[in-house]
Amino acid sequence: MSYDELVHPASKDFDQNIAYLSRELGVDKSFDLIRIDLEYGGKKMAFFLVDGFAKDEALTQIQREFMRIKDEELTVDALRTLVRSKIPYVEIDTEKDLEKVIDQVLAGPTAVVVEGIDEVILIDTRTYPVRGPEEPDTEQVIRGAKDGFVETLVMNCALARRRVRDRTLRNEFMTVGRRSKTDICVTYIEDIADPFIVTEVKKALDRIDTDGLPMGDKTIEEYLFGQHYNPYPLVRYTERPDVAAAHLFEGHIIIMVDGSPSVIITPTTFWHHLQHAEEYRQKPIIGIALRLVRFSAVWVSIFLLPLWLLLATNQNLLPETLAYIGPNETGSVPLLGQFIIAEIGIEMLRMAAIHTPSALATALGLVAAILIGQVAIDVGLFSPEVVLYLAVAAVGSFATPSYEMSLANRLIRVGLLVATGFFNVFGYVIGVTLLFLLLTTMKVYHTPYLWPFMPFSARSFRDVIFRSPIPLKRQRPKAIHPLDEDR
């Protein structure tokens with residue numbers, strides 16, 4: 001970029017640069033924006049920084065080095081002298097555009113304005129408040145790593161690179177949001193990931209035009225993939241670096257957002273949301289058993305209640321051997337009403353548990369499960385079978401590894417209940433058909449959502465249903481179009 005193309009070029013007039021930066025940053029209005037006026041080597045200098053981001057030890061050491069500068073050392077090419085030999089720091093850069101300097105200061109680096117120089121020195125002395133990388137609560141394993149992503153982008157990139165030391169691993173930095181200037185990192189392995197998908201992701205991020213990203217990665221997902229009325233998740237979230245690394249090796253792309261402890265994995269299929277790290281931390285035969293139980297729980301969470309409601313209200317559909325299916329006591333509320341009330345009650349309980357301190361959450365669960373459920377049966381509001389089958393379906397929902405997938409399945413379950421309750425067999429069949437049509441027509445960057453079930457791939461479908469031994473998994477998933485299909 002030429003000097004004429006700069007938005008607000010820096011000037012050799014020191015006072016003019018200082019006045020502009022002080023005014024635009026609001027130094028006199030915000031207590032945490034600091035300007036330090038100094039003089040070293042016969043030249044006036046000014047440091048601009050955010051108090052909460054600055055690393056005091058690094059700035060103190062830089063000032064100590066500046067105190068040793070002699071006047072004659074800055075008479076010829078002062079900028080080169082300072083950057084090359086007088087500032088003892090690794091991350092250092094220069095910038096001619098004061099608008100970009102302002103953005104950098106607000107992001108954390110320290111800006112150094114020097115008298116007589118029409119460029120500003122940027123020193124990345126920032127250190128964000130950060131918690132330790134503890135194991136995520138929603139993705140715990142018995143055996144395995146106990147670290148998890150945190151809210152700091154640089155640390156998350158380091159956690160990923162620690163596990164993927166490939167020379168072609170790329171961490172591409174981007175900034176999104178006119179006001180928030182949120183840092184984003186697009187991570188992928190260059191000689192595995194599909195370059196078309198990488199390009200599409202970066203173009204989509206560039207097109208985002210908004211003030212900020214208040215919900216972090218979730219906002220990014222809505223801008224990238226749309227389909228706002230589709231309940232099913234189009235990306236997978238994870239807070240585990242080992243899970244993210246496993247997907248990178250397969251050819252997926254990771255999107256990290258500063259301020260969010262979870263990362264986005266794309267492209268993904270329906271089956272990616274049903275896999276859990278615990279399956280790969282046990283022997284393959286144990287992993288197969290765990291996966292089959294988990295898949296069964298997911299299908300139960302979707303189809304059990306509508307199917308039971310259909311059979312309970314249409315006893316003629318049952319053979320004699322299954323004649324016991326159905327409520328012995330119907331209760332004072334129709335079965336469909338009982339299910340809807342119970343579904344709303346479970347959602348209320350879930351939301352209450354989120355807002356309840358952990359020390360009281362267990363007590364809340366006991367009160368809801370024992371008192372409310374039992375009293376509802378005793379007074380004739382609910383039949384015991386409704387409580388039983390709803391509890392089984394709820395357990396299946398909680399057994400779903402992906403929280404977003406479990407919420408989508410609950411919504412679909414309620415929809416099937418309503419369709420079955422009003423239209424009986426016709427409603428159930430049409431509802432299930434529409435569900436499968438939705439799933440089969442969904443695509444994420446040309447990756448079919450139900451692959452390898454539709455379109456069918458026998459070998460890949462076997463790997464989805466059964467947890468294959470790692471030495472036998474020699475091919476990467478073809479649906480995400482990896483450049484190198486051979487592991």
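The values are calculated or read from the model by the stated rules, or taken from the named source; none is laboratory data. This structure is a prediction, so every number in the text was calculated from the model and none was measured. Cβ atoms come from the backbone with ideal geometry, glycine included; neighbour counts cover every protein chain shown. Accessible surface areas use protein heavy atoms only, side chains included; no ligands, DNA or RNA. Shrake-Rupley method; radii C 1.70, N 1.55, O 1.52, S 1.80 Å.
At a glance:
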{"read-out": "Elements of type strands (runs of 3 or more DSSP E) contained in the stretch 25-144, each with 2 or more residues being open to solvent by 50 Å² or more (accessible area, probe 1.4 Å)", "value": "33-40"}
{"read-out": "Residues of the stretch 160-189 that turn out to be open to solvent by 70 Å² or more (accessible area, probe 1.4 Å) and either at pLDDT below 90 or within 19 Å of residue 105 (Cβ to Cβ) (or both), as a count", "value": "5"}
{"read-out": "Wholly enclosed strands (runs of 3 or more DSSP E) of the stretch 218-299 bearing at least 3 residues in contact (Cβ under 8 Å) with a residue 60 or more places away in the chain, in contact with a helix residue (DSSP H, G or I) (Cβ under 8 Å, 6 or more places away or on another chain) and under 23 Å from residue 446 (Cβ atoms)", "value": "236-238, 253-257"}
{"read-out": "Qualifying residue in the stretch 172-180 (condition: out of contact with any helix residue (DSSP H, G or I) (no Cβ under 9 Å at 6 or more places or on another chain), assigned to a helix (DSSP H, G or I) and among the hydroxyl-bearing types (Ser, Thr, Tyr))", "value": "no"}
{"read-out": "Single match in 278, 222, 250, 239 (criterion: buried (at least 22 other Cβ atoms within 10 Å of the Cβ) and among the acidic types (Asp, Glu))", "value": "239"}
{"read-out": "Residue in the stretch 145-159 that is surrounded by the fewest Cβ atoms within 10 Å (Cβ to Cβ), counting only those that are more than 26 Å from residue 56 (Cα to Cα) and out of contact with any Leu (no Cβ under 7 Å at 6 or more places or on another chain)", "value": "146"}
{"read-out": "Qualifying residue in the stretch 304-317 (condition: more than 28 Å from residue 163 (Cα to Cα) and assigned to a loop (DSSP other than H, G, I, E, B))", "value": "yes"}
{"read-out": "Residue that is modelled with the lowest pLDDT [pool: residues in the stretch 305-324 that are closer than 20 Å to residue 423 by Cα and aliphatic (A, V, I, L, M)]", "value": "318"}
